[in-house]
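These notes concern the structure reproduced below.
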Amino acid sequence: MNHKVDAQAAYVLHSRPYLETSALVDLFTLEQGRISAVVKGARRPGSKLRGVLQPFVPLQIALRGRQELKTLTQAEPVGMNGILQGSALMCGMYVNEMMQRLLLPFDSHPRLYVYYQYVLNELVSGQDIEGALRTFEHRLLAETGYGLSMAAVFSDQIYLFDVTTWQFKVVKKIAEGDRNRCFHGKDLLAIDEDCYDEPEVRQSAKRLMRLAIDHLLAGRPLHSRTLFKK
């Protein structure tokens, strides 16, 4: 691991108090993926970084340290920053929490970084938040090695998604207990193209992404979903 990294693009995923006056920050960086860093003195009233290290703000950062836990030495906002409010803010917190939980440290995902910027832009604009979330979830799964292969899916069939094998299996008749895991082939093919124009596709995509992500989380609930329910 590099002793010093200057001028790296990043976003804050999460921050929490650390020791008396410092903060521990999880970052999503363009070059190195998810990184955790100590920000010394960040919680002091006079800290220059105190108001900078906010979620959803594009940053240029500098890091140092040979261990997995880095020290952040500099952070500056760059570009235009959108303000998230209400449901868009909740969705942004959901996206950040998923990434914090599912991304391995120092696993670079430059394409996912682009999709992250896309979903933030859509949350700011408010035009198609649901479609943007489904697209991001879909791409997050693919980038972390859990892509949903639709190569053997046909539009006129019904399929059950088996999370244990990560495959879609043809079913002739839907059992009552399997209803939540079954999908029309035409909806799966639309999901494969990230085409969420139809209400039925949106509903199917939400169920499918929930099944897949919940399995990867191994029963550990997302706090942001609890906020949604409240």
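Assorted remarks:
- Candidate set: region 159-188, residues that are of a type in the set (A, V, I, L, M) and surrounded by 16 or more Cβ atoms within 10 Å (Cβ to Cβ); chosen: the one nearest to the chain's Cα centre (by Cα): LEU188
- Positions within region 125-152 being assigned to a loop (DSSP other than H, G, I, E, B), within 21 Å of LYS186 (Cβ to Cβ), out of contact with any strand residue (DSSP E or B) (no Cβ under 8 Å at 6 or more places or on another chain) and open to solvent by 60 Å² or more (accessible area, probe 1.4 Å), in sequence order: ALA151
- Some residue of region 106-119 being crowded, with 18+ Cβ neighbours inside 10 Å, out of contact with any helix residue (DSSP H, G or I) (no Cβ under 6 Å at 6 or more places or on another chain) and in a helix (DSSP H, G or I): yes
- The set of residues in region 147-175 that are within 24 Å of LEU112 (Cα to Cα) and among the aliphatic types (A, V, I, L, M) comprises LEU148, MET150, ALA151, VAL163.
- Every pair of residues 6+ apart whose Cβ atoms lie under 8 Å, when the first sits in region 167-182 and is within 20 Å of SER149 (Cα to Cα) while the second is in a helix (DSSP H, G or I) and charged (D, E, K, R): VAL171/ASP178; ASN180/ARG207
The values are calculated or read from the model by the stated rules, or taken from the named source; none is laboratory data. Treat the numbers as computed from the prediction; the structure is a model and nothing was measured. All Cβ positions, glycine included, derive from the backbone under ideal geometry; neighbour counts span all protein chains shown. Surface areas here come from the heavy atoms of the whole protein model, side chains and all, with no ligands, DNA or RNA. Shrake-Rupley method; radii C 1.70, N 1.55, O 1.52, S 1.80 Å.
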